[in-house]
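Read-outs throughout are calculated quantities, based only on the coordinates presented, and are distinct from any laboratory measurement. Quantities reported herein were computed from a predicted structural model and do not represent experimental measurements. Note that we place each Cβ from the backbone using ideal geometry, even for glycine, and neighbour counts take in every protein chain shown.
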Amino acid sequence: MAEAFKAELTVRSDVEELEKVRDFVSQAAKRFGFEERDGYNIVLAVDEACSNIIRHGYDQNANAKLRIAIETIGDSFVVTLNDSGKTYDLRLHQLPDMPAHLAARKRGGLGIMLIRSLVDDVEYERIDGENKLVLIKRRPASR
């Protein structure tokens, strides 16, 4: 079992910052000991969540900030995203009817479903004007 650790990164709310976020999460996932596939899944989930915050929460205002904190707790890899953008609890998001979505040839609209399928738990709360989205991925043996 890898030793517990904490790390934090603050970036501008700009899609150009997503590479830094992906590298940050990827390195932490490797340090945690995730297999390549699980590491990739958590990186993809965080990338999608950050993209949604930038595009929808901040309406692409690149001057806002997005804080990403990673903490390992036992067999759990916990990523917390903090922003002061619009409120949106993705746990309450109605997932699309995939056959209808595909039949209509709709583009987009699958990010939240993707996030929820790639991590084990999603938590959300709004405290003092700040959104706190928590994505939790556990090691396979502890699921």
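The set of residues from the range 44-65 being farther than 12 Å from Asp14 by Cβ and free of Cβ contacts under 8 Å to residues at least 40 places away in the same chain comprises Asp47, His56, Asp59. In the range 1-29, the residue that is farthest from Lys65 (Cα to Cα) out of those that are surrounded by 12 or more Cβ atoms within 10 Å (Cβ to Cβ) and of a type in the set (Gly, Ala, Ser) is Ala2. Scanning the range 54-77 for residues that are hydroxyl-bearing (Ser, Thr, Tyr), surrounded by fewer than 17 Cβ atoms within 10 Å (Cβ to Cβ) and under 18 Å from Val134 (Cα atoms) turns up at least one hit. Being within 22 Å of Tyr124 (Cα to Cα), basic (Lys, Arg) and touching a residue at least 60 places away in the same chain (Cβ under 8 Å), is that true of even one residue in the range 2-25? Taking every residue of the range 2-25 in turn, at least one turns out to be within 22 Å of Tyr124 (Cα to Cα), basic (Lys, Arg) and touching a residue at least 60 places away in the same chain (Cβ under 8 Å).
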